[in-house]
Structure formats: C-alpha cells, structure tokens
Amino acid sequence: MKRGLLLICLMLFIFPSIVQAKTVELESVEALIERADGKPVVIMYWATWCDTCLSDLSELEEFHAAAGKKVNVYSINATKSERSEKQVKAFVQKSALQVPVYLDTEGAVEHQFRQVAVPFTIIVNKSGKQRVIPGPVTKKQLEEWVK
C-alpha cells in the first residue's frame, strides 16, 4: 500500500502535467461561486508581470494543497493586462500550477470588484458573504478568513 502511494507521488512529481491546471475562459465569478456547493470559495486575481502576484500564487498553491476539498480555490488571470493570452498559457504550463486558472480577457473582474491594482483576493464564506482583499495574502491569512 505504501509503495503504491509512493509510486503515485513520484509520478506526480516527475509528470506534473498529469494533474496540472489548465487555462479556461472565465464565464463569470458568479458561476464559480454557484458551483461551491456550500463550501467557502477563494479566488485570487493576478498577472504574470506582477512579482507580488507570483508570490501570492505560491501561497495560494500551499493553501489549496492544505485545504483539500473543503474549499473551492481558483485563480483568475488579468489577461487583458498581459502581453498575450499565449504568454499566460505558457506561464501556467511552465509553472505547473494546480489551482485552476481562468482568463479574464475583457477585464470584467477588476471592473466588477472596482479594483485598480493586482493582486486582489475574493473570499466567499459558507453563507455566501463576499469579501475583497486588495494586495498580497498569505496561506495563514487565507486559512483564517475561510473559517
């Protein structure tokens, strides 16, 4: 049993693309929240050119791994501010992100939440209350906020 688990972990390390996130065109934030099934939702809005965002993505990945299936975790790329959609897709593939990446090609999310800078994080608790946190976040903060 332990050997089988070890083999699976080794394969995921060697072949991360097996479970790697894909980029998907964003329907709407509401659609992501509606799929929550009563679980909290964490959505991080980021861009590849933003150093703080890249650090936040690392924190989000750690949070996602620790939270398991108790929290729905997503990321939305500020695709409209990027050089190209192709560049974003290459970044996602190269970085082997596990958190799903949605593309905001029209900039609708930053407009909807009245944010002028990245990163920002949207937290939706179990009762549906939304909170927008501008700026960087840590795994520890995310754990506190979704309680």
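The values are calculated or read from the model by the stated rules, or taken from the named source; none is laboratory data. Source: prediction; values computed, not measured. Don't worry about glycine lacking a Cβ; one is built from the backbone with ideal geometry, like all the others, and counts go over all protein chains shown. Each accessible area value is taken on the protein alone, full model and side chains, heavy atoms only, with ligands, DNA and RNA left out. Shrake-Rupley method; radii C 1.70, N 1.55, O 1.52, S 1.80 Å.
Output the residues belonging to the range 96-111 that are under 13 Å from the mean Cα position of the chain (by Cα) and not aliphatic (A, V, I, L, M).
Residues satisfying the conditions are GLN98, PRO100, TYR102, ASP104.
Across the range 45-68, the qualifying residues are those that are out of contact with any strand residue (DSSP E or B) (no Cβ under 9 Å at 6 or more places or on another chain) and free of Cβ contacts under 8 Å to residues at least 12 places away in the same chain, and the one among them that is least open to solvent (accessible area, probe 1.4 Å) is GLY68. Just one residue in the set PRO40, PRO100 is in contact with a Phe, Trp or Tyr (Cβ under 8 Å, 6 or more places away or on another chain) and surrounded by 15 or more Cβ atoms within 10 Å (Cβ to Cβ); that residue is PRO100.
One line per residue, one yes/no per condition, for (1) at pLDDT below 90; (2) open to solvent by 40 Å² or more (accessible area, probe 1.4 Å):
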{"position": "ASN77", "(1), (2)": "no, no"}
{"position": "SER81", "(1), (2)": "no, yes"}
{"position": "SER84", "(1), (2)": "no, yes"}
{"position": "SER95", "(1), (2)": "yes, yes"}
{"position": "PRO119", "(1), (2)": "no, no"}
{"position": "SER127", "(1), (2)": "yes, yes"}
{"position": "PRO134", "(1), (2)": "no, yes"}
{"position": "THR138", "(1), (2)": "no, yes"}
{"position": "LYS147", "(1), (2)": "yes, yes"}
